[in-house]
Amino acid sequence: MLGDVFKLFIENKKAALGLCILLFFVTVAILAPVIAPYDPKVNKIETIEILDTDRGRNKTVEREKIDEFNERRVYTQEVETTYEKNTKKFPLNSPPSSDHFFGTSHAGQDLFSQVVWGTRITLLVGLVTGLFTTVLSLTLALLSGYFGGIVDDIISLFTNVFLVIPSLPLMIVIAAYITVKGVFPIVLILALTSWPWPTRLLRSQVVSLKNRDFIKVSRSLGEKHSYIIFREMFPNMISLVMASFFQSTMGAIMGEATLEFIGLGNVSIVSWGTVLYWAQTNGALLSGAWWWFLPPGICIALIGTSFALMNFAIDEISNPKLRKR
Amino acid sequence: MDNNRILNVANLVAGYEIKKGFVKAVDNVSFTLNKGEFLGIAGESGCGKSTLAYGLMKLLKDNALIKSGIINFNGNDIQSYSNEKMNQIRWVDMSMVFQSAMNALNPVLTIGEQLTDAIFAHTNDSKEKAKGRALEVLKLVDISADRFDSYPHQLSGGMKQRVMIAMGLILKPDLIIMDEPTTALDVVVQRTIIEKIQDLRKEFNFSVIFITHDLSLLVEISDKLAIMYAGKIVEYGKASDVFLHSLHPYTKGLMNSFPSLTGPIKRMGGIEGKPPDLLNPPEGCRFAPRCEKAMEICFKEYPKTYVKSDKHWVDCHLYNKEGNVNG
Amino acid sequence: MKYFARKIGLLLFALFVAVTLNFFIPRMMPGDPASDLIDKMQGIQPEALESIKVAFGINTDEPLINQYGKYLLNVLKGDLGISLSRFPTPVSEVLGVAIPWTLGLIGLSTVISFFIGTIIGIGCAWNRNKKSATFTVGFFIFIRSFPYFWLGLLFIYLFAFKMPVLPIGGSYSPFVKKEGFDYILSVLQHAILPASTIIVSSMGAWILTMRNNMINVLAEDYITVALAKGLPLKRIKALYAAKNAMLPSITGFAMSLGFVVGGGLLTEMVFGYPGVGLMLFQAIQAKDYALMQAIFLFISAAVLIANFIADVSIMLLDPRVRDGGK
């Protein structure tokens, strides 16, 4: 059955397009060192050209010093290399050119390299958070929906409460207090503010599945709970879990960009969000440097669209009414 | 045109357009119906009866459509009617009673609103007059007037079905098509509904096409019976003829599948196998694979119609033109 | 009635949780923001130092429960502390100035976005097979994936910078007197871009939700019955289809209010619109924790109340909920 779903998925044009876009960015992230022409943080290239071609590259100079006190001669050898250092400073705040595809920042850093390298952090944070959130909410949903009773009541109560507390302000407040900087806190904050929605969604499905006949049959046969959950229920929930994962990942990517943009993340790392942060704090907009904020935004939108497309495809597969005939 | 004839369906082909082709749920179906007559159409799930019902009212949508054939209703060829023209006859001359098991009632409107909006759509009646008529039909189906302002979820299954019947009657149509109107109800309620339909028919003399998979319901109340299998009518005739002198092996199989309340205890028969794929139906008789009387010719050629007597015909190789029984 | 009571109960409990979170977050954070802050603020007035200590609960003489109790009482009284960045103005006053701008901008934009989005969504579902519907859906999927603040930046660049048609930021021109027609005009002018940002970016969600709901509803049997009855299409579209499709939409509206409000805050930050969002941004930079917390509380309360209103609306629209609760 899984194979069939996968086949349907690939055949669906939307899914195929979405998947292509995603794979494109993953490839960029993995091959970042190869693709990025420069180090994202440097604003100049220094080339060293060794000049002394007369007698090899290095000149060994030997000096003799006579130590009369101790009646000895001390010889020191020094290797002298003569070279010419060529510092090519990147142009400051310049629009896209053949040297710098996305132009440069106000400090002369190559923006293309920044965006390419930024793909890594952005995707990493997004996918890790998405995975973490999905696992967390799936667990809560299964516990709450399958076992019911007090467990369900408590989990549901907290889910409903946290669902209505707006996540962005919460994220901001928590992030503002955290003085430990790094990628991990960001992942944690994002996960902690986005678990309610998928939990509620998945729980509804667990509950409706629980009441289906085939589950009741299993229970009356005395199957172990773990068997029922993992071998009977879970395969029927895969499409919803996948959709959840995409949504969580996208939410995390947006969340990370937002936190960085406001300056609450770790501004020393290179991610699409930090690029936008530096653009904003350096008044890129008002100095007309559209190339600074355009690419990261478009990249985020492309990834978002890819997830949305794949989500759409999953919706269509699991709900035949939505399919085009 | 015979003045008494209200519906004449000839060579109707209808079904579903899918990527692989056209599924002929209704394959070359023909029958007639007179004023005040009760035609029962029986067949198992998937035989095309619902497609036929929806097709008659031109309600097929999306990829479902009428491919060809003639539907002559009250002297008019309605299969070529536009939607606007069709709307003029809908509910006024021809209405439909849907299964109560379906979500046939709008959950956010009251019963009263759903009864009267049919009136407002086709007449210029005032609110009071419309409400009056609605209360009239509710009374006919034994639903108390205070239910006028109730919402569908506040009614039981049986009540909802009766509301559907009332709704079908409200504009006094000549023909009411009933699609499995008793399926989701228990036998006692079924009985009540069937009796109610009988009473109403006596009083108002409308024609009925009653579609069901449960043959036992039809034998008492139908005037005519049509047995449908895999998109085709395989036997048709007066109810008593079809019931007492069944010709087609499928009809006999259906008759044998429900026990009688009286008489000796018999061994029950079922019909093994399942219906054929309607996308690419077989060349010969469609029932052949499941028929215990099947002969070689059954698989190769579709049987010609054999008319036994006054409007009792069957499509089966067991009977040839001369009336002899083969095999 | 039971439904109503349950919803009120949930509202109060959620408010309680929000307030409690507000109390505990500063006391639970890793690192030591308090000392950090104190170090940074060398040479501030002793009263300010005192307020920081109180906000962070560094007065460890008092047991936590007492502090909590005092805090709850203060919140109920409306005393949310003293703002550090605008010392010595009380937080409630600072907040009071910003709230009307936010309610106006975000409130109106959200409502407009919901209505426009819902109507377009109905259209996209009803005319499902037309190319325009597919294009609209695709377009909004793409737009929706842009971060809110980014769209704001784009709008500023295009309409305030490149083509200086509209003002870059702020809520009204500083050259205009705070009353009269000119003032109103200026306010409207300044609100166009931020409002458009919010509307364009959040409209997509409503369009897609409504479209999906409509498609599901259109496949229901009562629609077939309505067609069989020969009812006018307008009535079917409105009372049979849309009225049913709206219900899950409103639920969705309530639930995603949090996100929409968040987006609105970002928009304020980008446009320098003097609402609660911008204030939050400034509070973060100035490390004015008391103000930050108060804003969080306000936003939570606003969203919770809006949610509650949405829940009540459902109760009014869906007869099934009135009778039994879902």
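The helices (runs of 4 or more DSSP H) found entirely in segment C:26-132 include none that carry 3 or more residues being modelled with pLDDT under 75, on the phi > 0 side of the Ramachandran plot and more than 14 Å from every other protein chain (Cβ to nearest Cβ). The set of residues in segment C:206-240 being more than 30 Å from residue C:257 (Cβ to Cβ) and of a type outside the set (Val, Ile, Thr) consists of C:221, C:222, C:226, C:227, C:228, C:229, C:230, C:231, C:232, C:233, C:234, C:235. For segment A:91-100, does any single residue satisfy the condition of being in the same structural domain as residue A:289 (by TED's automatic domain parsing), assigned to a helix (DSSP H, G or I), within 37 Å of the chain's Cα centre (by Cα) and within 30 Å of residue A:307 (Cβ to Cβ)? For segment A:91-100, residues in the same structural domain as residue A:289 (by TED's automatic domain parsing), assigned to a helix (DSSP H, G or I), within 37 Å of the chain's Cα centre (by Cα) and within 30 Å of residue A:307 (Cβ to Cβ): absent.
When A:154, A:215 are checked against the criterion of being more than 26 Å from residue C:287 (Cβ to Cβ), of a type outside the set (Gly, Ala, Ser) and away from chain C (no Cβ under 14 Å), A:215 stands alone in meeting it. Residue count for segment B:116-144, restricted to those that are of a type in the set (A, V, I, L, M, F, W, C) and more than 21 Å from residue B:189 (Cβ to Cβ): 7. So, in segment C:288-326, of the ones that are modelled with pLDDT of 80 or more and among the hydroxyl-bearing types (Ser, Thr, Tyr), which residue ends up nearest to residue C:98 (Cα to Cα)? In this case the residue turns out to be C:300.
For segment B:253-271, which positions are closer than 14 Å to residue B:229 by Cα and either assigned to a loop (DSSP other than H, G, I, E, B) or at pLDDT 85 or above (or both)? If the condition is that a residue be closer than 14 Å to residue B:229 by Cα and either assigned to a loop (DSSP other than H, G, I, E, B) or at pLDDT 85 or above (or both), then B:271 is the only one that fits. Sub-8 Å Cβ pairs linking a first residue in segment B:272-284 that is in a loop (DSSP other than H, G, I, E, B) to a second residue that is among the β-branched types (Val, Ile, Thr), at least 6 apart or interchain, are B:278/B:23; B:279/B:18; B:279/B:23; B:284/B:297, ordered by first then second residue.
When A:222, A:283 are checked against the criterion of being among the small types (Gly, Ala, Ser) and within 12 Å of chain C (Cβ to nearest Cβ), A:283 stands alone in meeting it.
In segment C:199-212, how many residues are out of contact with any Phe, Trp or Tyr (no Cβ under 9 Å at 6 or more places or on another chain) and under 13 Å from residue C:111 (Cα atoms)? Steps first, please.
Looking only at segment C:199-212, we keep the residues that are out of contact with any Phe, Trp or Tyr (no Cβ under 9 Å at 6 or more places or on another chain), and these are C:199, C:210-212.
Within this subset, residues satisfying the condition of being under 13 Å from residue C:111 (Cα atoms) are C:199.
Adding up the residues that qualify gives 1.
For segment A:157-180, taking the residues that are over 13 Å from residue C:293 (Cα atoms) and more than 7 Å from chain C (Cβ to nearest Cβ), the one that is surrounded by the most Cβ atoms within 10 Å (Cβ to Cβ) is identified as A:162.
Have a look at C:139, C:159 and point out the one that is more than 24 Å from residue C:189 (Cβ to Cβ), hydrophobic (A, V, I, L, M, F, W, C) and either assigned to a helix (DSSP H, G or I) or within 12 Å of chain A (Cβ to nearest Cβ) (or both). It is C:139. Here residue A:257 fulfils each of the conditions (1) within 25 Å of residue A:39 (Cβ to Cβ); (2) more than 7 Å from chain C (Cβ to nearest Cβ); (3) surrounded by 23 or more Cβ atoms within 10 Å (Cβ to Cβ) apart from (2). Report yes if residue A:262 is more than 9 Å from every other protein chain (Cβ to nearest Cβ) and over 14 Å from the mean Cα position of the chain (by Cα), otherwise no. Considered against the rule, which asks whether it is more than 9 Å from every other protein chain (Cβ to nearest Cβ) and over 14 Å from the mean Cα position of the chain (by Cα), residue A:262 comes out as no.
Among the candidates C:136, C:110, C:102, the residue that is under 18 Å from the mean Cα position of the chain (by Cα), surrounded by 16 or more Cβ atoms within 10 Å (Cβ to Cβ), of a type in the set (Val, Ile, Thr) and closer than 30 Å to residue C:235 by Cα is uniquely C:110. Within segment C:213-222, restricting attention to residues that are surrounded by fewer than 23 Cβ atoms within 10 Å (Cβ to Cβ) and touching a residue at least 40 places away in the same chain (Cβ under 8 Å), the residue that is nearest to residue C:107 (Cα to Cα) is C:215. Where strands (runs of 3 or more DSSP E) sit wholly within segment B:13-123, those with at least 1 residues that are buried (at least 16 other Cβ atoms within 10 Å of the Cβ) and within 14 Å of chain C (Cβ to nearest Cβ) occupy B:64-73, B:94-97.
Say we look at segment B:167-200 and pick out the residues that are part of a helix (DSSP H, G or I) and under 18 Å from residue B:133 (Cα atoms); which of these is nearest to the chain's Cα centre (by Cα)?
B:168
The rows are residues; the columns are (1) buried (at least 24 other Cβ atoms within 10 Å of the Cβ); (2) more than 27 Å from residue C:172 (Cα to Cα).
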{"site": "C:267", "(1), (2)": "yes, no"}
{"site": "C:272", "(1), (2)": "no, no"}
{"site": "C:277", "(1), (2)": "yes, no"}
{"site": "C:283", "(1), (2)": "yes, no"}
{"site": "C:286", "(1), (2)": "no, no"}
{"site": "C:302", "(1), (2)": "no, no"}
{"site": "C:305", "(1), (2)": "no, yes"}
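Can you confirm whether residue B:174 is in contact (Cβ under 8 Å) with a residue 60 or more places away in the chain, within 14 Å of chain C (Cβ to nearest Cβ) and either acidic (Asp, Glu) or farther than 25 Å from residue C:241 by Cα (or both)? Criteria not met by residue B:174.
Just a yes or no: is a residue in segment A:100-112 among the charged types (D, E, K, R), surrounded by 17 or more Cβ atoms within 10 Å (Cβ to Cβ) and under 30 Å from residue A:32 (Cα atoms)? The answer is yes, given that some residue of segment A:100-112 is among the charged types (D, E, K, R), surrounded by 17 or more Cβ atoms within 10 Å (Cβ to Cβ) and under 30 Å from residue A:32 (Cα atoms).
Selection of segment B:1-59 for residues being touching a residue at least 40 places away in the same chain (Cβ under 8 Å) and charged (D, E, K, R) yields B:17, B:20, B:24, B:27, B:35, B:37, B:44, B:49.
Residue under question is residue A:249, and the condition is that it be free of Cβ contacts under 8 Å to residues at least 60 places away in the same chain and not basic (Lys, Arg); does it hold? Steps first, answer last, please.
Details: free of Cβ contacts under 8 Å to residues at least 60 places away in the same chain: no; not basic (Lys, Arg): yes.
Taking the combined requirement at face value, the residue does not satisfy it.
If you check C:257, C:239, C:231 for being part of a helix (DSSP H, G or I) and either over 19 Å from residue C:309 (Cβ atoms) or more than 10 Å from every other protein chain (Cβ to nearest Cβ) (or both), only one passes: C:239.
Just to verify a result, which residue in segment C:180-198, among those that are hydroxyl-bearing (Ser, Thr, Tyr) and within 13 Å of residue C:113 (Cα to Cα), is surrounded by the most Cβ atoms within 10 Å (Cβ to Cβ)?
Result: C:197.
Quick check on residue C:246: is it in contact (Cβ under 8 Å) with a residue 60 or more places away in the chain and either of a type outside the set (Ser, Thr, Tyr) or assigned to a helix (DSSP H, G or I) (or both)? It is true that residue C:246 is in contact (Cβ under 8 Å) with a residue 60 or more places away in the chain and either of a type outside the set (Ser, Thr, Tyr) or assigned to a helix (DSSP H, G or I) (or both).
The values are calculated or read from the model by the stated rules, or taken from the named source; none is laboratory data. Quantities reported herein were computed from a predicted structural model and do not represent experimental measurements. Don't worry about glycine lacking a Cβ; one is built from the backbone with ideal geometry, like all the others, and counts go over all protein chains shown.
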